[in-house]
Amino acid sequence: MKLYSTLPIYIALTTSNVNATIHTMPENFGERNLQNLKELACLGALQLSGFNFAELVTAKINDWVSKDAMLELVPAGIYNGRKSIQEYVNFLYGPLFNIYDTLSHTQYYKVMSAESNQCVLFSTGINTATLNPETTKGGKAEVQVSARLHYDYTFAGSSASVSIKEAYIHYPEEYISWFFGDQLDTKQTRMFTCSVLEKYCPGVYKRNGFEGETGRDQCLETLRNLPLVEEFGNFRANSQSCRKYHSSFAAVNEDHCPHLSFYPLEDVNGQIKCQDISNTQRTYDDVFSKEIFKIIEAKAEDHFGEKVLFREIDSGSKSPELTGSPSVSPTVKKEIDELKNDECVDKPGEITLNTGSISSCQEIQFLEIKSEREMLCKATTIGLKLMTSRCPVACGRHACYSFVGSCKDTEKNKKFINLNSEKSCKTVNYLRTSEEGNKNAWYDRICSSYAQPIVNGKTTDISLGLELVQDRCPSACQNLKCTCGDNPISFVTDASYNSITGDRLEVMKERTCSSLYGIKEYLYRNVLCLLNVHAITPQFGQDSLKVFYLCPKACGFRKECFCRDSKKILPTPNYQTKTRNCKDASTYIPKHRNYWCDELKQPLFARSCPIQCGNSYCLEDAEDSKDTISLHGGLISTSCWLISKGDASFKDNACNAMEDDLQVRGHMLCPKACDGSII
């Protein structure tokens with residue numbers, strides 16, 4: 001459910017919130033009943049804040065959602081706090097779904113209340129759900145999904161921030177019945193649920209008496225004997241639907257394991273779920289008014305042409321008789337971890353589909369109509385290979401667009417000692433979002449300090465040559481070498497148009513991140529970096545995957561990514577020296593150094609080596625680097641945080657020594673940690 005991929009209105013408001021200029025007047029403006037500037041400000045604040053429902057799965061949830069926010073979906077219950085809300089959003093992009101998206105042209109908005117920088121906004125529109133055939137029947141449906149948001153907002157010049165306090169979601173009962181009572185009533189869904197219970201919740205699995213060769217069959221039989229969905233269409237009581245729902249959560253967060261138990265077990269919050277039948281008679285009538293239901297029904301009729309709120313497009317297949325675990329990755333992250341380097345390369349040439357038609361990855365990439373791309377990506381070849389495996393980039397495979405690139409944590413459960421306590425990469429990853437979606441206070445310090453190996457049950461002594469936790473667990477620590485690296489894939493960008501004249505500014509075009517470095521005009525480069533990537537990427541939303549996400553270093557929108565010298569070999573084919581490194585500039589005479597560091601003359605080198613080149617943007621209000629620092633030929637591996645905690649002798653040494661790979665002194669990388677220690 002992507003409620004606000006882009007509100008179709010752009011508003012510029014002064015800091016006094018009095019004057020407003022509408023640059024683009026939507027056709028259904030009168031329909032939105034914007035009676036005064038306060039109502040206009042409500043929509044404008046949400047637009048200018050950049051709010052996007054699909055991006056609540058990222059750290060951006062902290063920008064838009066109040067720490068103590070509440071979300072209610074009547075059939076599921078209430079979600080309190082950012083972490084719980086984020087888990088709900090993740091469900092829609094988890095193992096039961098292939099694609100979940102919004103038909104943006106069907107979205108309707110109504111400001112219900114606008115007082116003293118506080119808004120209540122109602123939204124309704126058509127969402128499309130394409131289910132995963134490996135964990136469900138694989139059907140597809142369109143459904144009218146609605147929400148009411150309660151939020152505060154503030155303006156600061158031409159920007160705005162919002163803080164969502166409450167959210168109420170409405171799914172029609174006929175869709176819930178179709179989803180849980182039909183599409184999830186399969187052996188593969190039950191197999192998935194019991195597989196999660198066995199693999200990710202072994203303690204709960206055993207406490208339910210499931211062990212040995214017959215354990216899986218016992219689990220399946222026990223699950224099958226439960227009702228599919230409880231009365232009133234809820235899926236929070238003692239039913240199959242509740243456990244199938246929570247299995248998606250338990251695959252990534254063991255705190256949900258007690259919810260899969262067939263007898264009551266308290267979770268870490270002291271709550272018992274999938275057992276409790278209290279308050280199951282609460283209905284949508286307690287949340288939404290009759291006026292709102294009339295709007296929902298009218299908007300649905302506009303789309304469907306009849307008085308329905310839901311339509312099945314594809315019923316999917318019957319449940320196959322599975323004998324082993326489903327071949328689905330229970331988490332997106334697991335898919336990333338298992339990705340091989342060559343799996344994000346579209347296969348060249350024409351491909352014959354099992355329908356007899358011929359297509360190619362390039363054809364898919366350039367198709368403008370999303371439904372046509374989606375249809376081709378769901379097809380198989382005459383050899384019964386999925387098109388998603390032949391065309392992973394064109395078909396928007398999540399792993400190819402991952403925030404951490406190809407980085408992965410190997411041996412995630414293997415223990416090591418850090419800051420005098422036993423940890424693992426799995427532990428570190430948990431701490432990344434453990435405080436209601438925020439980092440634990442120790443998270444950054446843990447990642448910036450040493451991982452002491454445990455050998456034969458004994459802890460290795462700390463030495464300056466040990467690897468840091470962020471190198472041991474690059475994904476869990478979101479190491480900058482992973483999150484700031486330009487994605488090597490070739491991608492296609494959408495065409496862009498002048499919003500006033502309608503003139504086309506950029507054609508749909510295939511690009512790479514490396515091609516951005518050769519652009520000398522920074523305004524034009526910024527325009528390209530803000531273009532949408534043209535791919536089926538439901539986990540980001542159709543309108544939210546931008547070029548700067550794939551090319552953080554080339555675009556330079558994130559300072560921590562731009563202000564890092566590249567350690568890669570840089571091609572300079574037009575010169576006698578065909579390749580160079582950033583550190584080479586340390587040996588150049590001033591005249592040559594100035595030439596190579598001039599972005600208008602050598603954009604690739606200058607933008608790749610901002611620290612070596614003394615880029616003024618990076619020097620201004622410089623922060624300590626979060627990269628691992630190698631000194632004295634690799635004898636010392638350290639970080640700015642470790643340097644800041646070292647004694648005077650260690651500080652003097654580290655701050656004035658040359659970093660091995662970059663050939664800049666430590667204080668250039670750690671200006672705050674080295675304050676007062678520069679010789």
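State yes or no: is Cys194 in contact with a Cys (Cβ under 7 Å, 6 or more places away or on another chain), surrounded by 22 or more Cβ atoms within 10 Å (Cβ to Cβ), free of Cβ contacts under 8 Å to residues at least 40 places away in the same chain and over 22 Å from Leu103 (Cα atoms)?
yes
From the list Asp217, Asp255, Asp267, which residue is over 32 Å from the mean Cα position of the chain (by Cα) and either modelled with pLDDT of 85 or more or crowded, with 17+ Cβ neighbours inside 10 Å (or both)?
Answer to the selection: Asp217.
Checking Lys591 against (1) closer than 21 Å to Ile569 by Cβ; (2) outside any loop (DSSP other than H, G, I, E, B); (3) of a type outside the set (Asp, Glu), which test does it fail?
Here Lys591 meets the rest and fails (1).
Anything in region 472-492 that is open to solvent by 70 Å² or more (accessible area, probe 1.4 Å) and not in a loop (DSSP other than H, G, I, E, B)? List them, or say none.
Passing the criteria: only Lys481.
Please pick out the residue among Ala535, Ala554 that is in contact with a Phe, Trp or Tyr (Cβ under 7 Å, 6 or more places away or on another chain), of a type in the set (A, V, I, L, M), surrounded by 18 or more Cβ atoms within 10 Å (Cβ to Cβ) and at pLDDT below 90.
Criteria check complete, one pass: Ala535.
Name the single residue, out of those in region 669-679 being surrounded by fewer than 22 Cβ atoms within 10 Å (Cβ to Cβ) and of a type in the set (A, V, I, L, M), that is modelled with the lowest pLDDT.
Ile679
Which pairs have Cβ atoms under 9 Å, sit 6 or more apart or on different chains, and link a residue in region 345-357 that is acidic (Asp, Glu) to one that is assigned to a strand (DSSP E or B)?
What qualifies is Asp346/Ser360; Glu350/Ile358; Glu350/Ser359; Glu350/Ser360.
Let me spell it out: the conditions are (1) without any contact (Cβ under 8 Å) to a residue 60 or more places away in the chain; (2) touching a strand residue (DSSP E or B) at 6+ places or on another chain (Cβ under 9 Å), and Asn615 meets all of them except one. Which number is the exception?
(2)
Is it fair to say Tyr100 is buried (at least 21 other Cβ atoms within 10 Å of the Cβ) and of a type in the set (Ser, Thr, Tyr)?
Details: buried (at least 21 other Cβ atoms within 10 Å of the Cβ): yes; of a type in the set (Ser, Thr, Tyr): yes.
Against the criterion (buried (at least 21 other Cβ atoms within 10 Å of the Cβ) and of a type in the set (Ser, Thr, Tyr)), Tyr100 qualifies.
Those residues that are outside any helix (DSSP H, G or I) and either modelled with pLDDT of 90 or more or of a type in the set (Val, Ile, Thr) (or both), I need them from region 538-551; list them, please.
Cys551
Going through region 60-72 one residue at a time, which ones are open to solvent by less than 20 Å² (accessible area, probe 1.4 Å) and either within 17 Å of Ser248 (Cα to Cα) or in a helix (DSSP H, G or I) (or both)?
Ile61, Trp64
Whether any residue in region 415-428 is over 23 Å from Glu368 (Cβ atoms), aliphatic (A, V, I, L, M) and assigned to a loop (DSSP other than H, G, I, E, B) is what I want to check.
Just the residues of region 415-428 that are over 23 Å from Glu368 (Cβ atoms), to begin with: 415-428.
Pick out the ones that are also aliphatic (A, V, I, L, M) and you get 417, 419, 428.
Pick out the ones that are also assigned to a loop (DSSP other than H, G, I, E, B) and you get 419.
Yes, region 415-428 contains at least one residue that is over 23 Å from Glu368 (Cβ atoms), aliphatic (A, V, I, L, M) and assigned to a loop (DSSP other than H, G, I, E, B).
Does region 493-521 hold any residues that are in contact (Cβ under 8 Å) with a residue 24 or more places away in the chain, surrounded by fewer than 20 Cβ atoms within 10 Å (Cβ to Cβ) and either among the polar types (S, T, N, Q) or outside any loop (DSSP other than H, G, I, E, B) (or both), and which are they?
Selection gives Ser496, Ser499, Glu506, Glu510, Arg511, Thr512, Ser514.
Check every one of the helices (runs of 4 or more DSSP H) wholly within region 287-366 and list those with 1 or more residues that are in contact with a Cys (Cβ under 6 Å, 6 or more places away or on another chain) and modelled with pLDDT of 85 or more.
Fully inside region 287-366 and qualifying: 361-366.
I'm checking my understanding of the structure. Among residues of region 199-215 that are of a type outside the set (Gly, Ala, Ser) and not in a helix (DSSP H, G or I), which one is farthest from Ala250 (Cα to Cα)? Write out each step before concluding.
First, the residues of region 199-215 that are of a type outside the set (Gly, Ala, Ser): 199-202, 204-208, 210-211, 213-214.
So of that shortlist, the ones also not in a helix (DSSP H, G or I) come out as 201, 208, 210-211.
Values: Cys201: 8, Asn208: 16, Phe210: 17, Glu211: 19 Å.
Filtering first and then ranking leaves Glu211.
Can you pull out every residue in region 624-668 that is under 35 Å from the mean Cα position of the chain (by Cα), open to solvent by 50 Å² or more (accessible area, probe 1.4 Å) and farther than 17 Å from Asn581 by Cβ?
Within region 624-668, Lys626, Trp641, Lys645 meet the criteria.
Would you call Asn90 of a type in the set (S, T, N, Q), buried (at least 18 other Cβ atoms within 10 Å of the Cβ) and assigned to a strand (DSSP E or B)?
Here the answer is no, as Asn90 does not meet what is asked.
Only one residue in Lys426, Lys415, Lys408 is open to solvent by 80 Å² or more (accessible area, probe 1.4 Å) and either in contact with a Lys or Arg (Cβ under 6 Å, 6 or more places away or on another chain) or of a type in the set (A, V, I, L, M, F, W, C) (or both). Which one?
Residue meeting the stated conditions: Lys426.
Which is farther than 27 Å from His256 by Cα, surrounded by 22 or more Cβ atoms within 10 Å (Cβ to Cβ) and either more than 22 Å from the chain's Cα centre (by Cα) or not charged (D, E, K, R) (or both), of Val145, Val111, Val162? Don't jump to the end; show me each part of the working.
Details: Val145 fails: farther than 27 Å from His256 by Cα; Val111 fails: surrounded by 22 or more Cβ atoms within 10 Å (Cβ to Cβ).
Only one candidate passes the filter, namely Val162.
Picking from Gly465, Gly437, which residue would you name as being in contact (Cβ under 8 Å) with a residue 60 or more places away in the chain and closer than 16 Å to Ala59 by Cα? Break it down into steps so the answer makes sense when it comes.
Working: Gly465 fails: closer than 16 Å to Ala59 by Cα.
Sole residue among the options that is in contact (Cβ under 8 Å) with a residue 60 or more places away in the chain and closer than 16 Å to Ala59 by Cα: Gly437.
The values are calculated or read from the model by the stated rules, or taken from the named source; none is laboratory data. The shown structure was predicted, so the numbers you read here are calculated from the model rather than taken from an experiment. When we count neighbours, we look across all protein chains shown, and the Cβ atoms used for this are built from the backbone with ideal geometry, even at glycine. Side chains included, ligands, DNA and RNA excluded: accessible areas come from the protein's heavy atoms. Shrake-Rupley method; radii C 1.70, N 1.55, O 1.52, S 1.80 Å.
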